[in-house]
Amino acid sequence: MATNLLTKAEYKAYAGINSTNMDAEIDLLIPRVSDFVKSYCRKTFVDYYDDAKTEVFNGGFNKLLLKETPVVNVSSVSYSGDYGQTYTKLTKFTDWVQNGDAIISINTTGFTEQLMGYKVTYFAGYETLPGDLKLGIFDLLTYYRRHDSSIHSNKAPGTNTVQIEYVSTTSLPAHIKRVLDQYTADYS
């Protein structure tokens with residue numbers, strides 16, 4: 001699916017870019033930055049807002065934690081006793097209930113352990129990204145535009161000496177990391 005988290009027009013408006021000189025670079029970076037943010041945060045944010053996501057679970061617990069958040073709507077929860085070959089739909093408020101980003105079993109024994117025993121189909125994410133997340137993505141794109149992770153050589157004015165600086169840190173800038181960490185999925 002791979003929906004980008006921002007558009008070229010949005011970024012150019014944010015960065016105050018009026019020319020088309022950097023369009024090729026921006027077009028190249030937008031999907032890469034979007035993929036990076038999705039990978040870092042362990043969720044897609046927008047890919048399953050309009051298109052259903054289906055996850056299969058083995059059970060053995062009283063709740064099933066859904067990967068995409070925030071959950072907008074749970075379409076169905078189904079059980080399979082034949083390792084996922086056929087599924088029988090479970091009844092909401094009789095067999096299960098949604099609690100935030102989790103499906104809770106109403107049965108006192110929970111979701112019994114069964115290989116590929118439970119299938120959940122749901123919609124999740126944002127119709128419009130939160131402003132702070134969008135700002136973090138804009139800043140990340142700007143960071144990659146300015147720091148291309150290559151070798152930079154600087155020549156001090158008035159000298160014949162060249163200083164080579166290797167961009168060797170694997171850390172994100174603190175202000176970007178703070179924003180992304182707020183949206184990172186925690187499965188613990």
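The values are calculated or read from the model by the stated rules, or taken from the named source; none is laboratory data. None of these values were measured; they are calculated from a predicted model. Counting neighbours? That spans all protein chains shown, and the Cβs are built from the backbone with ideal geometry, glycine included.
Structure notes:
- Residue match in region 76-97 (condition: out of contact with any His (no Cβ under 6 Å at 6 or more places or on another chain) and closer than 24 Å to Thr184 by Cα): no
- Scanning region 52-101 for residues that are closer than 23 Å to Leu129 by Cβ, of a type in the set (A, V, I, L, M, F, W, C) and either free of Cβ contacts under 8 Å to residues at least 60 places away in the same chain or surrounded by 16 or more Cβ atoms within 10 Å (Cβ to Cβ) (or both) gives Leu65, Leu66, Val71, Val72, Val74.
- When region 130-145 is filtered for residues that are of a type in the set (Val, Ile, Thr) and under 14 Å from the mean Cα position of the chain (by Cα), only Ile137 remains.
- The residues in region 16-32 that are assigned to a helix (DSSP H, G or I), free of Cβ contacts under 8 Å to residues at least 40 places away in the same chain and surrounded by 10 or more Cβ atoms within 10 Å (Cβ to Cβ) can be counted, and the count is 4.
Residue by residue, here is whether (1) at pLDDT 95 or above; (2) in the same structural domain as Ala15 (by TED's automatic domain parsing); (3) of a type in the set (Ser, Thr, Tyr) holds:
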| position | (1), (2), (3) |
| --- | --- |
| Tyr87 | yes, no, yes |
| Lys92 | yes, no, no |
| Asp95 | yes, no, no |
| Ile103 | yes, no, no |
| Leu135 | yes, yes, no |
| Arg145 | no, yes, no |
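- Among strands (runs of 3 or more DSSP E) entirely within region 39-129, having at least 3 residues that are of a type in the set (Phe, Trp, Tyr) and within 23 Å of the chain's Cα centre (by Cα) singles out no element at all.
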